[in-house]
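Undergrad: Pasting in a structure now, in structure tokens, and then I'll have a few things to ask.
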Amino acid sequence: MCHNHEVVKSDNKDLQQLEKQLSRRNFLTKTSMGLGAIALSSLMNTDRVYGAVKGKIDAANANNILAEYNKNISGLPHHLPKARRIVYLFQSGGPSQLDMFDYKPKLRQMFGKDLPDSVRQGQRLTGMSAGQTTFPIAPSIMDFKQYGASRAWVSELMPYTSEIVDDLCFVKSMQTDAINHDPAITFLQTGNQLPGRPSIGAWLSYGLGSDNENLPTFITLITKNMGGQPLYSRLWGNGFLPTEHQGVQFRSGKDPVLYLSDPQNYDGNDRRRMLDYLGKLNELQYSAYGDPEINARMAQYEMAFRMQTSVPEVTDMSDEPDYIFDMYGKDSRDPGTYAANCLMARKLLEKDVKFVQLYHQGWDQHIGCPGGVRSQCKLTDQANAALIKDLKQRGMLEDTLVIWGGEFGRTVYSQGQLTADNYGRDHHPKAFTMWMAGAGVKAGFCYGETDDFSYNVVRDPVHVHDFHATLLHLFGIDHERLVFKHQGRRYRLTDVHGHVVNDLLV
């Protein structure tokens, strides 16, 4: 036993040396600004860092503040940001651009004709339509009209969206690499088709941190009771980034966040004492092993403790006036619906949650496309427009980025039987539509163009990596410089390519 004890003592000397190297005192000694940098980081709130006054960028003062911030704290943001927060309205399943935004009137004359080989160009097919011997053209049966000063084309399915087209920036030339749902959704959300990479929200949390100490930086909401392609928590996960950067899912019902409430007969004082003792144990564990995940886990425990007060407050809708519920639609009074989640997103953004992600399933119309798309638009159209109007009337749209879109588009040819009033559409990754609004993007603007079949991009293609690079740019981040070293390689959201689409920006 004495021999074993001596081995432990010898190991402890090594651990003590490691602890010394990792100590806060040693770190501050080697820090050029020392305690001054730490003090500055706590004194400079987000508004001052961004040079913001009441949510607006003060350009005269911002550059000086930004330079000082870059010099003294973390090097981020890399340039003056336009966006402070983001809400991403992800439409899972692949909305049909042909039936909503990408108006192709010439197709009416080609009903039922086979899609020319010169258009399809041998592009790959999914397993659902690979067995088809013909690919009959299925023009949209929806009526389209132009709206607003921008004269944007919008179908009859979206009367509310037609009212806000002059606030939107349509990107009709989106392209992705994946043709099936899970890799395509994973690609849009993480920059890679394979699971395991950090999500967009996790990257923003890692790069820019939080603006609210009492709520997570990244929150996810999913429309309840919707069938469709499955959604996995890795889509809002942290990947190989520290765990405190993962998204937190808010649910409808009594307990928005699982395991947050105290057990019966257990009060806040009990919880506080438990966390204090647990913190001491974890300090010992960290001093012995130096694993940063120990501190990350404690940070999550402390956040959960603060959320016991902040979450009930932010999820309480009783203070919303009737006209707000009327604007979002009757479903907004039913927690967990898409409309209610849009309203919840606005409340979270007001509390300076940096990234709010909404997922809405059910856009996968392989058969019965007209009826399926119509039903989906009824569930989402009014709430989408209401969110834009609500943010705008509160002066928040100018520094809030709003994104709408799915993982890919749909084919011009019919999957399965084609009739005069019915058709199905398969997955199509080479051309689809998304829209953005708010901070730093052009309003009332349409970018990119597809051919007469909405099958190939003929002008200004925007790849998923380009989309991610542009998103990060709006937050003041150079996508090539936001990196994380993992297993010997430096990773980034845009992987190894992608460029900022400056033509989309004001």
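The values are calculated or read from the model by the stated rules, or taken from the named source; none is laboratory data. All values derive from a computational prediction rather than experimental measurement. Heads up, the Cβs are rebuilt from the backbone with ideal geometry, glycines too, and the neighbour counts pull from every protein chain shown.
Undergrad: Please go through (1) under 19 Å from Tyr160 (Cβ atoms); (2) touching a helix residue (DSSP H, G or I) at 6+ places or on another chain (Cβ under 6 Å) for Gly290 and return the number of the only condition it doesn't satisfy.
TA: If we test Gly290 against (1) under 19 Å from Tyr160 (Cβ atoms); (2) touching a helix residue (DSSP H, G or I) at 6+ places or on another chain (Cβ under 6 Å), just (1) comes out false.
Undergrad: Being touching an Asp or Glu at 6+ places or on another chain (Cβ under 8 Å), buried (at least 23 other Cβ atoms within 10 Å of the Cβ) and within 25 Å of Lys430 (Cβ to Cβ) is the requirement here; does Leu188 meet it? Steps first, please.
TA: Working: touching an Asp or Glu at 6+ places or on another chain (Cβ under 8 Å): yes; buried (at least 23 other Cβ atoms within 10 Å of the Cβ): yes; within 25 Å of Lys430 (Cβ to Cβ): yes.
So Leu188 fits the description; yes.
Undergrad: Quick one: is Leu387 in a helix (DSSP H, G or I), assigned by TED's automatic domain parsing to the domain that holds Leu168, in contact (Cβ under 8 Å) with a residue 40 or more places away in the chain and surrounded by 24 or more Cβ atoms within 10 Å (Cβ to Cβ)? Even if it seems obvious, please write down each step before you answer.
TA: Working: in a helix (DSSP H, G or I): yes; assigned by TED's automatic domain parsing to the domain that holds Leu168: yes; in contact (Cβ under 8 Å) with a residue 40 or more places away in the chain: yes; surrounded by 24 or more Cβ atoms within 10 Å (Cβ to Cβ): yes.
So Leu387 fits the description; yes.
Undergrad: Checking the structure you have, find out if any residue of segment 466-478 is out of contact with any His (no Cβ under 7 Å at 6 or more places or on another chain), over 20 Å from Lys354 (Cα atoms) and assigned by TED's automatic domain parsing to the domain that holds Ser118.
TA: Within segment 466-478, not a single residue is out of contact with any His (no Cβ under 7 Å at 6 or more places or on another chain), over 20 Å from Lys354 (Cα atoms) and assigned by TED's automatic domain parsing to the domain that holds Ser118.
Undergrad: Also: Just a yes or no: is a residue in segment 362-383 over 21 Å from Ala184 (Cβ atoms), β-branched (Val, Ile, Thr) and either surrounded by fewer than 24 Cβ atoms within 10 Å (Cβ to Cβ) or in contact (Cβ under 8 Å) with a residue 60 or more places away in the chain (or both)?
TA: No, the conditions are met nowhere in segment 362-383.
Undergrad: So, Thr126, is that one in contact with a strand residue (DSSP E or B) (Cβ under 9 Å, 6 or more places away or on another chain), assigned by TED's automatic domain parsing to the domain that holds Val402, of a type in the set (Ser, Thr, Tyr) and assigned to a loop (DSSP other than H, G, I, E, B) or not? Can you show your working first?
TA: Numbers: in contact with a strand residue (DSSP E or B) (Cβ under 9 Å, 6 or more places away or on another chain): yes; assigned by TED's automatic domain parsing to the domain that holds Val402: yes; of a type in the set (Ser, Thr, Tyr): yes; assigned to a loop (DSSP other than H, G, I, E, B): yes.
Considered against the rule, which asks whether it is in contact with a strand residue (DSSP E or B) (Cβ under 9 Å, 6 or more places away or on another chain), assigned by TED's automatic domain parsing to the domain that holds Val402, of a type in the set (Ser, Thr, Tyr) and assigned to a loop (DSSP other than H, G, I, E, B), Thr126 comes out as yes.
Undergrad: Condition test on Arg85, is it in the same structural domain as Leu235 (by TED's automatic domain parsing), of a type in the set (D, E, K, R) and within 27 Å of the chain's Cα centre (by Cα)?
TA: Details: in the same structural domain as Leu235 (by TED's automatic domain parsing): yes; of a type in the set (D, E, K, R): yes; within 27 Å of the chain's Cα centre (by Cα): yes.
Here the answer is yes, as Arg85 does meet what is asked.
Undergrad: Another question, if that's okay. Has segment 209-219 got any residue that is touching a residue at least 60 places away in the same chain (Cβ under 8 Å), acidic (Asp, Glu), assigned by TED's automatic domain parsing to the domain that holds His468 and over 21 Å from Ala340 (Cα atoms)?
TA: Checked segment 209-219: at least one residue is touching a residue at least 60 places away in the same chain (Cβ under 8 Å), acidic (Asp, Glu), assigned by TED's automatic domain parsing to the domain that holds His468 and over 21 Å from Ala340 (Cα atoms).
Every residue, every condition in (1) at pLDDT below 95; (2) more than 28 Å from Pro77 (Cβ to Cβ); (3) hydrophobic (A, V, I, L, M, F, W, C); (4) in contact with a Pro (Cβ under 8 Å, 6 or more places away or on another chain), yes or no:
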position: His428; (1), (2), (3), (4): no, yes, no, no
position: Val441; (1), (2), (3), (4): no, no, yes, no
position: Phe445; (1), (2), (3), (4): no, no, yes, no
position: Asp452; (1), (2), (3), (4): no, yes, no, no
position: Val458; (1), (2), (3), (4): no, yes, yes, no
position: Val464; (1), (2), (3), (4): no, no, yes, no
position: Leu482; (1), (2), (3), (4): no, no, yes, no
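Undergrad: Identify, from the list Asp495, Asp452, the residue that is surrounded by fewer than 23 Cβ atoms within 10 Å (Cβ to Cβ), more than 18 Å from Arg197 (Cβ to Cβ), in contact (Cβ under 8 Å) with a residue 60 or more places away in the chain and not aliphatic (A, V, I, L, M).
TA: On the way: Asp495 fails: more than 18 Å from Arg197 (Cβ to Cβ).
It is Asp452.
Undergrad: I need the helices (runs of 4 or more DSSP H) fully contained in segment 236-334, keeping only those with at least 2 residues that are hydrophobic (A, V, I, L, M, F, W, C) and either surrounded by fewer than 16 Cβ atoms within 10 Å (Cβ to Cβ) or modelled with pLDDT under 85 (or both). I'd like the intermediate steps shown before the answer.
TA: On the way: elements: 268-289, 292-314, 322-328.
Filter on segment 236-334 gives 268-289, 292-314.
Undergrad: Does any residue in segment 228-239 that is among the hydroxyl-bearing types (Ser, Thr, Tyr) come within less than 9 Å, Cβ to Cβ, of a residue that is crowded, with 22+ Cβ neighbours inside 10 Å six or more places away or on a different chain, and which pairs are these?
TA: Listed by first residue and then by second, the contacts come to Tyr232/Ile185; Tyr232/Thr186; Ser233/Thr220; Ser233/Gln246; Ser233/Gly247.
Undergrad: In segment 154-207, which residue that is assigned to a helix (DSSP H, G or I), polar (S, T, N, Q) and without any contact (Cβ under 8 Å) to a residue 60 or more places away in the chain is farthest from Asp451 (Cα to Cα)?
TA: Of the residues in segment 154-207, the ones assigned to a helix (DSSP H, G or I) are 161-167, 181-190, 200-207.
Next, only the ones that are polar (S, T, N, Q) stay: 161-162, 186, 189-190, 205.
If we keep only those that are without any contact (Cβ under 8 Å) to a residue 60 or more places away in the chain too, we end up with 162, 186.
Values: Ser162: 23, Thr186: 27 Å.
So the residue we want is Thr186.
Undergrad: Of all residues in segment 360-413, count the ones that are more than 20 Å from the chain's Cα centre (by Cα) and of a type in the set (Ser, Thr, Tyr).
TA: Qualifying residue count for the region: 3.
Undergrad: If you check Gly336, Gly329, which single one turns out to be within 23 Å of the chain's Cα centre (by Cα) and under 27 Å from Gln91 (Cα atoms)? Spell out how you get there, then give the answer.
TA: Values: Gly329 fails: within 23 Å of the chain's Cα centre (by Cα).
Answer to the check: Gly336.
Undergrad: Continuing with the same structure: Being more than 23 Å from Ala184 (Cβ to Cβ) and of a type in the set (D, E, K, R) is the filter; apply it to segment 196-223 and report the residue that is surrounded by the most Cβ atoms within 10 Å (Cβ to Cβ).
TA: Looking at the filtered set, the residue picked out is Asp211.
Undergrad: Then there's this: Could you list, in sequence order, all residues of segment 455-468 that are within 21 Å of Leu107 (Cβ to Cβ) and either touching a Gly at 6+ places or on another chain (Cβ under 6 Å) or surrounded by fewer than 17 Cβ atoms within 10 Å (Cβ to Cβ) (or both)?
TA: Taking segment 455-468 first, the residues within 21 Å of Leu107 (Cβ to Cβ) are 455-459.
Correct list: Val458, Arg459.
Undergrad: Quickly run through segment 335-354 and pick out the residues that are closer than 16 Å to Thr217 by Cα and either part of a helix (DSSP H, G or I) or not assigned by TED's automatic domain parsing to the domain that holds Ser210 (or both). Talk me through it step by step, then tell me what you get.
TA: The first filter runs over segment 335-354 and keeps only residues closer than 16 Å to Thr217 by Cα, leaving 344-354.
Hits for segment 335-354 are Met344, Ala345, Arg346, Lys347, Leu348, Leu349, Glu350.
Undergrad: Considering only segment 402-429, state which residues are outside any strand (DSSP E or B), surrounded by 22 or more Cβ atoms within 10 Å (Cβ to Cβ) and charged (D, E, K, R).
TA: Glu407 - this is the single residue of segment 402-429 that is outside any strand (DSSP E or B), surrounded by 22 or more Cβ atoms within 10 Å (Cβ to Cβ) and charged (D, E, K, R).
Undergrad: Right, here's the next one. Any idea how many residues of segment 403-426 are closer than 17 Å to Met100 by Cβ and among the hydrophobic types (A, V, I, L, M, F, W, C)?
TA: Adding up the residues that qualify gives 4.
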